[in-house]
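Here the structure comes first, spelled out in structure tokens, and everything after it is commentary.
The values are calculated or read from the model by the stated rules, or taken from the named source; none is laboratory data. Keep in mind that this is a model prediction, so the values were computed, not measured. Cβ atoms come from the backbone with ideal geometry, glycine included; neighbour counts cover every protein chain shown.
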Amino acid sequence: MEVFSLKKSYLTFFALLLSASIAFSTHSTLAVDSAAQTAPATTAPPSTNTAEPAATPPADNSTLNLSLEDALKSVETGNSTLKLTDSQIEIYDKQNEQTLARQNANIPVVDEDSKKDLSLNYKRTQWTLDNAKHDRDTKLKALKVQITNEYEGVLTLRQQAENTKKQLANLETIINQVNLQIKLGLKIPSDIYSYNAQKTRLEASVKAITNTVNSSMITLKQDLGIDINRNVILTSDPIQYTVFDEKDIYGRITKATQDNYDLKKYKEDIDISQIEYDIDFFYDDTMVADQVQLGIEDKKAKLQTLPVNQEVQLKTAYNSLKSLENTIEADKLAVEADQINVDVMQKSIDAGKMSSLDMIALQNALLNDQFTLQQDTNTYMTAAMNFQNSLDN
């Protein structure tokens, strides 16, 4: 009855405050409805802050000029995967504080659990926290390589679209020439069919590339935490080819295998697991002890093969990098040859020996080979960054 009286008093007071004639009921759902009806009056001013993306404030719809450097800087603050990792680390940190507090509480050891609180649990949570922080650093490096690859991929695709448009314009010139020859009776109508088919393919190619660019931009925005509806202009130039510094490379590979973080990780894990085994065995928890012992043996086996496996991986990555260098050198030679052909043809055109139509095929070949070179450059630079990260891990 007291609750009923308070609710009725509150509703009466609320009605007087609004100076409105409202019919009240004491049923709880009506009280909720009344509160919901008055909410817009108090929350209307800031409501634009929680609207759908299409109704975001003007600032969010402004054009963002994004350099590659700025994109890499924003990974830590904008990437959702990294944010999730940071949240997980916060949880591990709190768990670690709790196990440390239990260890320092000096509670008498009376059973297996209290013994683990004193001698095991803090070591395990500290180990978990340290590994999570290291994994976070590794993930950040990998994300920066990923963002670089996505950024450069968009630039390269846009260049491909422009190249295809140039080829389409060149083809239009040829089509106009053929149509003129048909009108003059120098060619038959069917001679134009193959050119029209080629034009259709190029037009479809431009649309497909444009769609791929749009999809790639959405992915880049999502990975950086940018509103996908916001207009973003990539301001950096395409990445330039830089040969990986291979000075003392095999010495660096050896050092990387010796300093590999996973060696420390596995050794500490084995030591902590041994403490767990001793406690389980002491308190006759034989089933758990047997499982822990099997885990220890498995970790020891992995620890023994770890240096060799990493050395193989690093040397394989290095050899792949060298193969890519050879590919790029071949691409460069192809571009140089195309440019020479274009220059020679231009001289022939200037001398009146050839027509401008004869240049089109050579220009198209140059555009295609330039695109291939940039694609392979992106692949190489991504591989080089990943390889360097592996050496530093």
Exactly one of Val213, Val243, Val178 is out of contact with any strand residue (DSSP E or B) (no Cβ under 6 Å at 6 or more places or on another chain), farther than 30 Å from Lys141 by Cα and either in contact (Cβ under 8 Å) with a residue 40 or more places away in the chain or part of a helix (DSSP H, G or I) (or both), and that one is Val178
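Any residue that is among the β-branched types (Val, Ile, Thr), touching a Lys or Arg at 6+ places or on another chain (Cβ under 8 Å) and either assigned to a helix (DSSP H, G or I) or within 21 Å of Leu321 (Cα to Cα) (or both) - is there at least one of those in the stretch 252-271? Can you show your working first?
Filtering the stretch 252-271 down to residues among the β-branched types (Val, Ile, Thr) leaves 253-254, 257, 270.
Right, trim to touching a Lys or Arg at 6+ places or on another chain (Cβ under 8 Å) and you get 253, 270.
This time we only want the ones that are either assigned to a helix (DSSP H, G or I) or within 21 Å of Leu321 (Cα to Cα) (or both), so: 253, 270.
Yes - at least one qualifying residue is present in the stretch 252-271.
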Scanning the stretch 150-199 residue by residue, the ones that are under 30 Å from Ser216 (Cβ atoms) and either crowded, with 16+ Cβ neighbours inside 10 Å or among the basic types (Lys, Arg) (or both) total 21
Exception for Phe387 within (1) under 30 Å from Arg136 (Cβ atoms); (2) over 32 Å from the mean Cα position of the chain (by Cα) falls at (2)
Only unsatisfied item for Val308, checking (1) in contact with a helix residue (DSSP H, G or I) (Cβ under 7 Å, 6 or more places away or on another chain); (2) closer than 20 Å to Gly251 by Cβ, is (1)
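Would you confirm whether any residue within the stretch 96-113 is among the hydroxyl-bearing types (Ser, Thr, Tyr), in contact with a helix residue (DSSP H, G or I) (Cβ under 9 Å, 6 or more places away or on another chain) and surrounded by 15 or more Cβ atoms within 10 Å (Cβ to Cβ)? It would help to see each step written out before you state the result.
Looking only at the stretch 96-113, we keep the residues that are among the hydroxyl-bearing types (Ser, Thr, Tyr), and these are 99.
Then drop every residue that is not in contact with a helix residue (DSSP H, G or I) (Cβ under 9 Å, 6 or more places away or on another chain), which leaves 99.
Restricting the remaining residues to those that are surrounded by 15 or more Cβ atoms within 10 Å (Cβ to Cβ) gives 99.
Scanning the stretch 96-113 turns up at least one residue that is among the hydroxyl-bearing types (Ser, Thr, Tyr), in contact with a helix residue (DSSP H, G or I) (Cβ under 9 Å, 6 or more places away or on another chain) and surrounded by 15 or more Cβ atoms within 10 Å (Cβ to Cβ).
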Among Val335, Val292, Val344, the single one that is within 27 Å of Glu268 (Cβ to Cβ) and part of a helix (DSSP H, G or I) is Val292
Flagged in the stretch 95-132 as within 13 Å of Ile275 (Cβ to Cβ) and either among the hydroxyl-bearing types (Ser, Thr, Tyr) or in a loop (DSSP other than H, G, I, E, B) (or both), in numbering order, are Ser119, Leu120, Tyr122
Being surrounded by fewer than 18 Cβ atoms within 10 Å (Cβ to Cβ) and either of a type in the set (A, V, I, L, M) or touching a residue at least 40 places away in the same chain (Cβ under 8 Å) (or both) narrows Asn389, Asn341 down to just Asn389
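What about Glu336, is it surrounded by fewer than 18 Cβ atoms within 10 Å (Cβ to Cβ), over 28 Å from the mean Cα position of the chain (by Cα), within 30 Å of Lys255 (Cβ to Cβ) and not assigned by TED's automatic domain parsing to the domain that holds Gln146? It would help to see each step written out before you state the result.
Details: surrounded by fewer than 18 Cβ atoms within 10 Å (Cβ to Cβ): yes; over 28 Å from the mean Cα position of the chain (by Cα): yes; within 30 Å of Lys255 (Cβ to Cβ): no; not assigned by TED's automatic domain parsing to the domain that holds Gln146: yes.
Answer is no for this residue.
Please determine whether any residue of the stretch 359-382 is among the acidic types (Asp, Glu) and farther than 28 Å from Gln160 by Cβ.
Within the stretch 359-382, the subset among the acidic types (Asp, Glu) is 369, 376.
Filter once more, so that each one left must be farther than 28 Å from Gln160 by Cβ: none.
No - not one qualifying residue is present in the stretch 359-382.
State all residues of the stretch 311-333 that are touching a helix residue (DSSP H, G or I) at 6+ places or on another chain (Cβ under 6 Å) and exposed (fewer than 13 other Cβ atoms within 10 Å of the Cβ); if no residue qualifies, say none.
Taking the stretch 311-333 and keeping what is touching a helix residue (DSSP H, G or I) at 6+ places or on another chain (Cβ under 6 Å), we get 311, 314, 317, 321, 324, 327-328, 331.
Passing the criteria: none in range.
Run down Ser215, Ser205 and say which single residue is buried (at least 16 other Cβ atoms within 10 Å of the Cβ) and among the hydroxyl-bearing types (Ser, Thr, Tyr).
Just one listed residue meets the conditions, Ser205.
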Checklist entry - Can you find even one residue in the stretch 244-259 that is aromatic (Phe, Trp, Tyr) and surrounded by 15 or more Cβ atoms within 10 Å (Cβ to Cβ)? => result yes
